[in-house]
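Here is the structure we will look at.
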Amino acid sequence: MTDYTGHVVIVTGGTKGIGRGCVEVFAGAGAHVVFCSHEPQGGSDLSAAVTACGPGRADFAVCDVADAGALTALVAGTAARLGRLDCLINNAGWHPPHKPIDDFTLDEFEALMRLNVTSVFVGCRAALPFLRRSRGSIINIASLVATIGQHYATTYVASKGAVLSFTKALAEATSIPVIASGGIHNLGDIKALLDAKAPGIIGAITGRAIYEGTLDVAEAQAFCDSYKG
């Protein structure tokens with residue numbers, strides 16, 4: 001694992017699942033991690049546990065990423081308080097219950113896009129000025145279903161497809177590594193994909209599906225973040 005001592009990482013949706021795994025892995029590599037959730041449950045306990053394990057630390061903040069102002073303030077405030085930002089992991093999102101498109105309302109679709117897609121745009125836009133200075137990176141959590149589809153999940157698939165396409169476009173428009181990770185199989189497969197990319201720009205990665213063991217996914221994402229070609 002790369003030594004992240006002295007580096008600052010933001011993880012949205014960091015109290016459970018892949019987000020929690022990212023918090024644990026990056027702090028375990030020495031980073032100062034700031035993670036958020038829209039609800040306070042579990043945040044303080046995870047912060048204390050991760051910090052106690054070291055060698056890095058984890059700070060928790062309540063932030064609804066669907067609120068553009070709140071997310072922008074979290075990013076800017078973190079960079080100002082800690083003096084830098086090295087990696088943004090846009091992980092927060094939601095998969096609604098499976099049901100036919102006929103049963104989704106327009107309000108439900110718009111709310112999901114605001115949470116799963118607009119927050120990624122807002123987070124990236126807020127973080128880029130700081131990441132350019134540190135030559136940091138962005139990891140946007142997409143999904144394998146963005147490319148293969150999923151039964152009775154039209155709204156979710158649409159949102160993750162948007163994240164994947166947005167990340168591809170952003171990777172071509174900036175000089176820092178930008179990654180969209182969905183299902184991750186192993187580090188060897190990811191390195192092979194990264195080796196095929198142009199120097200300085202890392203495009204979107206979908207990989208093959210792995211859903212068990214959030215630390216496996218987080219470790220692969222930490223590897224992606226550390227890889228500079």
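Things worth noting here:
- The lone criterion from (1) farther than 27 Å from ILE176 by Cα; (2) aliphatic (A, V, I, L, M); (3) buried (at least 20 other Cβ atoms within 10 Å of the Cβ) left unmet by ILE101 is number (3).
- Meets criteria (among the β-branched types (Val, Ile, Thr), modelled with pLDDT of 90 or more and within 23 Å of VAL11 (Cα to Cα)) for VAL122: yes
- In the set (1) buried (at least 16 other Cβ atoms within 10 Å of the Cβ); (2) under 15 Å from the mean Cα position of the chain (by Cα); (3) not hydrophobic (A, V, I, L, M, F, W, C), THR78 fails one condition alone, (2).
- Residue tally, condition assigned to a helix (DSSP H, G or I) and on the phi > 0 side of the Ramachandran plot, over the stretch 69-88: 0
- Any hit, the stretch 91-102, residues being outside any loop (DSSP other than H, G, I, E, B), out of contact with any Pro (no Cβ under 6 Å at 6 or more places or on another chain) and polar (S, T, N, Q): no
- Looking only at the stretch 7-23, and only at residues there that are at pLDDT 90 or above and β-branched (Val, Ile, Thr), the one that is farthest from LEU85 (Cα to Cα): THR15
- When ASP67, ASP86 are checked against the criterion of being surrounded by 13 or more Cβ atoms within 10 Å (Cβ to Cβ), in contact (Cβ under 8 Å) with a residue 60 or more places away in the chain, within 17 Å of ALA127 (Cβ to Cβ) and charged (D, E, K, R), ASP86 stands alone in meeting it.
Conditions (1) at pLDDT 90 or above; (2) in a helix (DSSP H, G or I); (3) hydroxyl-bearing (Ser, Thr, Tyr), marked per residue:
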site: GLN150; (1), (2), (3): yes, no, no
site: LYS168; (1), (2), (3): no, yes, no
site: SER175; (1), (2), (3): no, no, yes
site: GLY203; (1), (2), (3): no, no, no
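- Selection within the stretch 151-168: residues that are without any contact (Cβ under 8 Å) to a residue 40 or more places away in the chain and closer than 20 Å to PRO97 by Cβ. The member of this set that is surrounded by the most Cβ atoms within 10 Å (Cβ to Cβ) is VAL157.
Results for (1) surrounded by fewer than 15 Cβ atoms within 10 Å (Cβ to Cβ); (2) of a type in the set (Val, Ile, Thr); (3) closer than 29 Å to VAL8 by Cα; (4) free of Cβ contacts under 8 Å to residues at least 12 places away in the same chain, shown as yes or no for each residue.
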{"residue": "GLU108", "(1), (2), (3), (4)": "yes, no, no, no"}
{"residue": "ARG114", "(1), (2), (3), (4)": "no, no, yes, no"}
{"residue": "LEU128", "(1), (2), (3), (4)": "no, no, yes, no"}
{"residue": "ARG133", "(1), (2), (3), (4)": "yes, no, yes, no"}
{"residue": "SER137", "(1), (2), (3), (4)": "no, no, yes, no"}
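- Every test in (1) aromatic (Phe, Trp, Tyr); (2) at pLDDT 95 or above; (3) within 24 Å of SER143 (Cβ to Cβ) is passed by PHE26 save one, and that test is (2).
- Filter result for SER143 (under 30 Å from LYS99 (Cα atoms), small (Gly, Ala, Ser) and in a loop (DSSP other than H, G, I, E, B)): yes
The values are calculated or read from the model by the stated rules, or taken from the named source; none is laboratory data. None of these values were measured; they are calculated from a predicted model. Positions of Cβ are backbone-derived with ideal geometry, glycine not excepted, and every protein chain shown enters the neighbour counts.
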